[in-house]
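**Q** Take a look at this one; I'll ask things after.
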Amino acid sequence: MFNDSGPRRSGANETAMFINHDHRIVFLHIPKCAGTTVRRPLESLNQWDESGPHWRREHPELGFLDFAHLPLAVLRNHFPAAFASVLEYRSFALVRDPYSRFASSVSERLRWNGGVLPARLSRAELKKSLDTSIDYLSRPDSPSCCLPPGYIHFQRQRDYIVLDGEPVVDAVYPVERVARLREELNACLGADGMKLTESTPAAIHANAVLMYRYAGLRRAHRVVAPVMARLRRVLPASASRRIDDWMYVHRDQCARSLFASDYVRDFVSSYYADDVELYARVVRASGGEREQ
């Protein structure tokens, strides 16, 4: 459910790469690829030395770094023990349609960096953030090996799957086939391991980006948010959901034409060309359908 109490803080809800030496499994959490629904139930089994908040902190060589989403090249060069586990253990990852992922990355940047809830944005403000992201990523000096924390959610998915032209991760599933990944992880955990169950609708949409349905509600956010927070404490869950349905709309419904515009799709097709091919190949291999 949408949380209108304020922006998220580093380490509050973030989940990251998972390594379990006992069962010899690794899950590489690619940003904005539904990894939270897989990673969070495994939290107590994570044996990666660098796991745990705060995820965004200083690294002696790399400076301020997002430890939650480290590409393979960074693991190889700076975290050799973790990289060895990726090579030696059964490794998993989820990938997502690059076009919908880019829209989600724009919203995530707003929440992390500006402390701005997407719900409070107008369509014009969302477009400004989108254009700023494209401008930064299009710069000739924009880093490719590992984007800075403010832009890590835009990191190419291929950087977590392929290294030096060779695939590294054993089992890669499209987000539409997360149930299959869950089944294979359960098999690796064995009869005595913690079992990943099918995610509830609330868990699946926990990170959904919502915007106010009406401009008047957006402008009155400072009044609306605390009133809604108090009402949710006393109203039945069904009543709260009905109010939310009236107040909020998913970002994609509000700004679908913006993210589907030619210049945005052209940018994604170019900047994420390898990811477009990767996702299509993974979908074909899984026997599934592309994300609509």
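**Q** Can you give me the long-range amide H partners of TYR248? Hydrogens built in the peptide plane at 1.01 Å from N, cutoff under 5 Å, separation of 5 or more residues or another chain.
**A** Under 5 Å from the amide H of TYR248 lie the amide H atoms of ARG213, each far enough along the sequence or on another chain.
**Q** Return the FRET efficiency for the residue pair GLU166, LEU62: r is the Cβ-Cβ distance, R0 is 30 Å, and the value is rounded to the nearest 0.05.
**A** 0.80
Coordinate-derived values only; no laboratory data. Remember, it's a predicted structure, so these values are computed and weren't measured experimentally. Cβ sites come from the backbone with ideal geometry, for glycine too, and all protein chains shown count toward neighbours.
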